[in-house]
1. Cα axis of helix A:4-18 to longest principal axis of chain A: angle in degrees, 0 to 90, nearest 10?
2. Projected area of region B:22-113, taken from the Cα convex hull and averaged over every viewing direction, in nm²?
3. Under 19 Å from a point placed 7 Å out from the Cα of residue B:170 along the Cα-to-Cβ direction: which residues of region B:308-347 have their backbone N that close?
4. From the Cα trace of region A:10-157, what convex hull volume per residue do you get, rounded to a whole Å³?
5. What are the extents of the Cα atoms of region A:265-387 along their three principal axes, listed from largest to smallest and rounded to whole Å?
6. Let me know the mean shielding of B:327-337 by other chains, meaning the per-residue number of their Cβ atoms within 10 Å of its Cβ.
7. Where does each of A:85-91, B:171-177, A:273-279 land if you order them by average Cβ count within 10 Å, highest first?
8. Kindly rank A:116-122, A:353-359, A:15-21 from highest to lowest mean number of other beta carbons found within 10 Å of each residue.
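What follows draws every value from the coordinates through simple rules; no lab data is involved. Here the structure is a predicted model, which is why all the values come from computation and not from measurement. A quick note on method: Cβ atoms are made from the backbone with ideal geometry, for glycine too, and the neighbour counts reach across all protein chains shown.
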């Protein structure tokens, strides 16, 4: 157990030395390759200090106390550090899936590789399976000690750079829809995998479609039991939400609030009032995140707690960036780029505002989160006709 | 009245047909002229249709519905509107005829950024100053520069695009359907006969109301198109074995949008009539319409993106074009907060 103040000083000193001061300038309007290289470098820098995967167990290279992680993320945000974008799925989602449901061999194969820069992508959504994820149609047919996969995945973020994919596919077409799904670790370099970028609302292409045509996955890459993929996904989705949301809340409370304050015209009482309102909401959000972190760790988190945090963060982000876009006036529309490796609190307000839908739509849209809060949190009866 | 509503229905249906095939693209000037839109408010004897701002407003809404680009707002709405406020004469009449024919476009150096509109000063002989982010100035043949002379008399200086000392610098904006440019003049002498006076009884500031209401109409069109597209999409898109529009979370959201659009339509309709009639209440009505409708359109386009889900966030779907246009419209000529403040201070 470190002295929290001493640790804070240590992180501050590290940030002063290692956070590149010019990254917002150099990351504006950069190429995908440059962006990927920058991300890999930043990941290695964080990792060398023990700051890349503090949430992992000590035996795999983490082991930082919850209290210190909170300090770490608040200081990184306060020093306006770049975000880990490319590594995100690997260090959070893939790692928690491996730690919760993986075999020792799978962990040994992938956890150290993630630390060496292995990039992961999530292959869950499909054209006909968005909010209704359980209706996914990608099939995995057993063939000896392999599975043969066919289908199409959508919204694979960072798909163009990915080495591995967390894949959900249907292994039993006759079972009820949530009982016939299996969870796989898929090598993106397997024959039959085709990645096609999707141009998004801002003209960027970090989301991808992934086409799977007779892709062969060895049985050893099945994670959890065959046909138990849905349960594995439920157990691991959101396992990391507390700390990842805490990081984002800190970023919104630091850079986000700072840019907004700078955009508020001096002496404008109405704008000042709204800004103060956001400051209060951020304090509330920080509390929610810290609470979720603690309760997830203690195993006492409620069934809807992660949904409350995700819903609140994403809609607060949208409202704050909307306010920034309005405050910025016509001039805000002449800002055509936003630094890569930033979040949606970059101060390029109109882009941030449009980008905020990347938070209110994916990962369970706001409508779905509200249903979860009402049904699993409050115990309200389910909507009629929904299986 | 019924004559007008028939005329408006016809305009609307022609516009919908022409623009429906060109969503998100610039309407060429020749086409705008051929359809008679650039000359909508130009007098009959100058080659126009002699119609009123009511008809222009119908077109503004339709252009918003199609997120159409082109110089209509800057030239045919603001330029013609300003020229019509001036005393007839060779220069003015010639410009109006050329605009109606599609041979020229003009731009009014009215700053779109309310917090920093810029100013071009006139000392009786020379013009100097800068106005940022002027609509459709980049391609305009002539710039109409509203000025206040040394005797405090309002007038409009007409400057040809190639005037020495006049600089027009295009500014790219996220909304690819709008063209803005910074205009600066450095000790430019107003050519003989190019300083035009307003007609008797005309309020020079009323061009601002026209701008507000035109943008409000555009925003109303943006919102209406987004609600239609969303209703179509959620009626068709199936999840959980049924159309997502059958879920109350989705259908109530759509209902809320319909209510906001209905309110926008009332405020915009009242403002169009007030501006067309030169009513003394026009300024208040214009502020109300622009403040409400431009804000509502952002909310509607944003909810449209949300209810379209991931597909709505792609470049291929047009939702982003509407959201960008709605957000820019909200800022043009004053944000809702700035306009509401003006309303409060007028009380």
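1. It works out to around 90 degrees.
2. Numbers: hull surface 23.4 nm².
Over all viewing directions, region B:22-113 projects a mean Cα-hull area of 5.9 nm².
3. Taking a point 7 Å out along Cα→Cβ of residue B:170, the residues of region B:308-347 whose backbone N falls under 19 Å are B:325.
4. Numbers: hull volume 23.0 nm³, N = 148.
Expressed per residue, the convex hull around the Cα atoms of region A:10-157 is 155 Å³.
5. The Cα atoms of region A:265-387 stretch 48, 30, 29 Å along their principal axes.
6. Numbers: counts 10, 5, 0, 5, 10, 3, 1, 2, 6, 1, 8.
Mean partner shielding for this stretch: 5.
7. Details: A:85-91: 23.6, B:171-177: 19.4, A:273-279: 15.0.
So the order, starting with the most tightly packed, is A:85-91, B:171-177, A:273-279.
8. On the way: A:116-122: 21.4, A:353-359: 24.9, A:15-21: 13.4.
For the peptides A:116-122, A:353-359, A:15-21, the packing ranking is A:353-359, A:116-122, A:15-21.
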